[in-house]
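Note sheet for the following structure.
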Amino acid sequence: MTTPMRIELAEFEQDDPGARGEAHGELWRSQIHELCAIRGELLLRHDGFTSASQIDELAARHLPVLAAEAPALALELAGIARGAGVTLAQLVVLNHYTDLRELPAALRDEAVPIDRLRSDDPGGCTAVYLPGAARGPVLGQTWDTHGSAWPYVRLLRIRPRSGDEEVLCFTLTGCLGLMGVAASGLAITTNNLFTTDGRIGLLSSAVVRTLLVEPSAATARVRLARMPLGGGHNFMLADGRDFFGIECSARLQVLMQSGAGAAHLHTDHCFDPVLRQRERVPASSTSFRRMELATTLYVQQRPRDAAGLWALLASHEGHPRSLCSHGGEASGDAAASRTCGVMVMNLVGGEVLAGAGCAQANPPRQLGFTRWRGLEENIR
Ligand SMILES: [Zn+2]
């Protein structure tokens with residue numbers, strides 16, 4: 001194998017969201033062009049869209065929702081487009097790829113089975129909330145998508161010069177954020193769910209960033225309930241005091257767990273019986289298998305801290321359909337899902353472990369906050 005890879009971190013201190021976006025776009029200009037092309041082509045090839053112009057048109061319809069719901073993020077996205085020299089519709093595809101895949105069937109009111117996907121795994125993630133560990137609760141997940149995405153995985157630190165905000169996000173070049181933790185102590189993970197009521201909604205990356213502005217898990221949960229989501233996601237919201245596990249389709253949100261005292265594990269299928277009625281998990285999905293693996297490994301390994309949770313998520317038990325997933329490597333199918341990175345967040349103290357690519361081949365990078373206001377170890 002190749003030498004271990006260290007996930008790249010970029011820090012943005014601009015107060016102006018447009019200027020922040022421009023710096024982001026300029027920094028990763030060529031990678032953003034490449035990823036826009038990859039994701040546009042994957043949508044066209046695999047997901048029932050009829051033409052590139054149809055994708056552009058559907059993508060552009062998300063922009064008014066973004067401007068209304070998250071005006072600062074709309075400016076940041078516009079800045080990224082300017083800096084990178086891509087269109088806003090291309091950036092919507094880059095940011096909202098998973099949700100867009102649910103759109104054709106819903107918008108055309110015809111059944112386009114998600115199983116049209118030729119890949120051996122349509123994507124997903126494994127997320128774990130670990131309570132009462134040695135140094136306080138920990139939240140983490142693998143981030144699994146088409147294998148061609150892993151070279152574009154990055155970390156963002158957003159710390160505007162004015163004020164006391166600071167956010168660490170796991171993301172892709174050109175993307176506002178996929179999961180993360182804020183100086184307030186609030187951390188968020190998201191899994192994809194294969195629900196069938198997708199609609200034009202708020203970009204999933206903007207959902208993550210908008211929630212991270214909230215002061216606590218409890219207020220983030222209230223904010224989430226008011227958001228016009230575009231597709232199915234499971235959210236874990238935690239701040240060391242509270243934990244909420246919420247399964248969402250675009251139009252229905254169900255609270256599955258409330259309370260920080262018990263562990264919570266989730267993959268990419270709904271646990272809620274009502275949501276299951278609006279769900280279509282592709283036969284090729286490894287979601288049920290990963291849930292079994294995660295549950296078994298949790299009992300066997302009894303992880304107690306961030307390093308323990310990293311080891312669990314990095315497991316190759318059952319390789320290649322393991323928690324650290326290596327789907328498509330044998331067949332060379334770049335569209336097959338694999339683990340493109342992992343992030344584990346300490347809810348006490350705020351230290352983060354993050355990496356790109358295989359979580360065993362690439363040891364995690366450790367990062368901390370300079371403006372942490374969440375729980376501290378010495379005052380617990
Ligand atoms: Zn691996």
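The values are calculated or read from the model by the stated rules, or taken from the named source; none is laboratory data. Just so it is clear, the structure is predicted and the values come from calculations on it, not from any experiment. Counting neighbours? That spans all protein chains shown, and the Cβs are built from the backbone with ideal geometry, glycine included. For the accessible areas, the whole protein counts, side chains as well, though only heavy atoms, and no ligand, DNA or RNA atoms are used. Shrake-Rupley method; radii C 1.70, N 1.55, O 1.52, S 1.80 Å.
Computed values, structure above
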quantity	calculated
Pairwise centroid distance, computed over Cα atoms, of the range 241-281 with the range 328-344, Å	25
Extension gain (nm, one decimal) between E292 and Q54, 0.36 nm per residue minus Cα-Cα	81.8 nm
Accessible area of the chain divided out per residue, in Å², using a probe of 1.4 angstrom	37
Point-charge dipole on Cβ atoms (K/R +1, D/E -1) for the chain, about Cα centre, debye to 20	380
Computed lengthening from R302 to E34, 0.36 nm per intervening residue step minus Cα-Cα distance	92.4 nm
Shape of the chain, Cα gyration tensor, a/c cut at 1.5	rounded
Among D56, D239, D164, residue whose mean-square fluctuation peaks in a GNM of the chain (springs only between Cα atoms under 10 Å)	D164
Cα gyration tensor shape of the range 116-247, rounded if a/c is under 1.5, else prolate or oblate by comparing a/b with b/c	rounded
Most fluctuating residue given options A283, A314, A238, as computed from a GNM of the chain linking Cα atoms under 10 Å	A283
Share of carbon and sulfur in the accessible heavy-atom surface of the chain [1.4 Å probe, %]	51
Cα gyration tensor shape for the range 1-97, rounded if a/c is under 1.5, else prolate or oblate	oblate
Which of A250, N95, L347, positive extreme of dipole for the chain (C-beta unit charges)	L347
Sites matching chymotrypsin sites (Phe, Trp or Tyr not before Pro) across the range 301-380 that sit in DSSP coil, with at most 13 neighbouring C-beta atoms within 10 Å	none
Of A19, A217, A335, the one that fluctuates the most in a GNM where the chain has Cα springs shorter than 10 Å	A19
Estimated dipole of the range 16-108 in Debye, rounded to 20 [Cβ of Lys and Arg +1, of Asp and Glu -1, Cα centre]	140
Surface accessible to a 1.4 Å probe, S258 within the full protein complex, Å²	80
Mean residue ellipticity (222 nm) of the chain, computed from DSSP H runs ≥ 4 via -39,500 (n - 2.57), nearest 500	-9500 deg cm²/dmol
